[in-house]
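What follows is one structure encoded as structure tokens, with my remarks underneath.
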Amino acid sequence: KAGVTQTPRYLIKTRGQQVTLSCSPISGHRSVSWYQQTPGQGLQFLFEYFSETQRNKGNFPGRFSGRQFSNSRSEMNVSTLELGDSALYLCASSSVSLAGGSGEQYFGPGTRLTVT
Amino acid sequence: AQSVTQPDIHITVSEGASLELRCNYSYGATPYLFWYVQSPGQGLQLLLKYFSGDTLVQGIKGFEAEFKRSQSSFNLRKPSVHWSDAAEYFCAVGADRGSTLGRLYFGRGTQLTVWP
């Protein structure tokens, strides 16, 4: 079974631009979560989608948004990029259902975003 | 709110020596606990998880962890470290209810260096 894939793997953008990152979960997984990893703040939760609905959101500004498609693929968008948005963005998929239970999450390799 | 503390930022051990990485969590109920490993430039790989039952859990690559409710700890151990174990290790706690469903809270990580 193929793992979580993220595209692109590396991205360089300029301040003020916007960016879209993509994540394809493990086949059959309907939950997709996004995390930001930086040396200063560590791993921070951005949001989680399940069946095309955002189920949970972390403490990030509205410039960070996401969506999930009917095939469970997810995209995350960052508008008006700032230097502090430079980070590794990790996507994770899980088979956890709406009924509950924090199922184990499987992570992709991440997208390294550099804002100049 | 949930939180995870990994007291050791950096640990150095000799190859063949035993290893214990510490993790303390804060959560009001029985938590879901995880250990992940991250190699440079890579995503997170799940080593093991604790949901319920036997408090000593076995994982991949010869790792094990013990859940101690009285100490709010979930320490990771390996009897004999290999040079390939050098990486960063993250402890995480997941919730099973409410608004935090599906979200993981991570510790700041412990960087493991292995001397030959």
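Every listed requirement among (1) in contact (Cβ under 8 Å) with a residue 24 or more places away in the chain; (2) out of contact with any Ser or Thr (no Cβ under 8 Å at 6 or more places or on another chain); (3) β-branched (Val, Ile, Thr) is met by B:VAL13 save one, (2). Of the set (1) on the phi > 0 side of the Ramachandran plot; (2) small (Gly, Ala, Ser); (3) crowded, with 20+ Cβ neighbours inside 10 Å, all apply to B:ALA65 but (1). Residues that are within 21 Å of A:GLY3 (Cα to Cα), of a type in the set (Val, Ile, Thr) and either surrounded by fewer than 20 Cβ atoms within 10 Å (Cβ to Cβ) or more than 8 Å from every other protein chain (Cβ to nearest Cβ) (or both): does the range B:91-112 have at least one? The answer is no; no qualifying residue exists. Listed by position, the strands (runs of 3 or more DSSP E) inside the range A:6-65 whose residues that are free of Cβ contacts under 8 Å to residues at least 60 places away in the same chain, within 14 Å of chain B (Cβ to nearest Cβ) and under 27 Å from B:ALA1 (Cβ atoms) number at least 2 are A:31-38, A:42-50, A:53-57. On inspection, A:VAL78 does not qualify as away from chain B (no Cβ under 11 Å), farther than 23 Å from B:TYR105 by Cβ, of a type in the set (Val, Ile, Thr) and surrounded by 15 or more Cβ atoms within 10 Å (Cβ to Cβ).
May I ask you to list the residues in the range B:8-61 that are away from chain A (no Cβ under 14 Å) and polar (S, T, N, Q)? Scanning the range B:8-61 gives B:THR12, B:SER14, B:SER18, B:ASN24, B:SER26, B:THR55, B:GLN58. Do we find that B:ALA87 is aliphatic (A, V, I, L, M), out of contact with any Phe, Trp or Tyr (no Cβ under 8 Å at 6 or more places or on another chain), under 30 Å from A:PRO8 (Cα atoms) and more than 13 Å from chain A (Cβ to nearest Cβ) in this structure? It is true that B:ALA87 is aliphatic (A, V, I, L, M), out of contact with any Phe, Trp or Tyr (no Cβ under 8 Å at 6 or more places or on another chain), under 30 Å from A:PRO8 (Cα atoms) and more than 13 Å from chain A (Cβ to nearest Cβ). Residues in the range B:33-49 that are farther than 18 Å from B:ASN75 by Cβ, buried (at least 19 other Cβ atoms within 10 Å of the Cβ) and not hydrophobic (A, V, I, L, M, F, W, C): B:GLN38, B:GLY43.
Rule-based calculations on the coordinates, nothing more; no lab input. None of the values given here were measured: they were computed from a predicted structure. Neighbour counts are summed over all protein chains in view; Cβ atoms, including those assigned to glycine, are modelled from backbone coordinates with ideal geometry.
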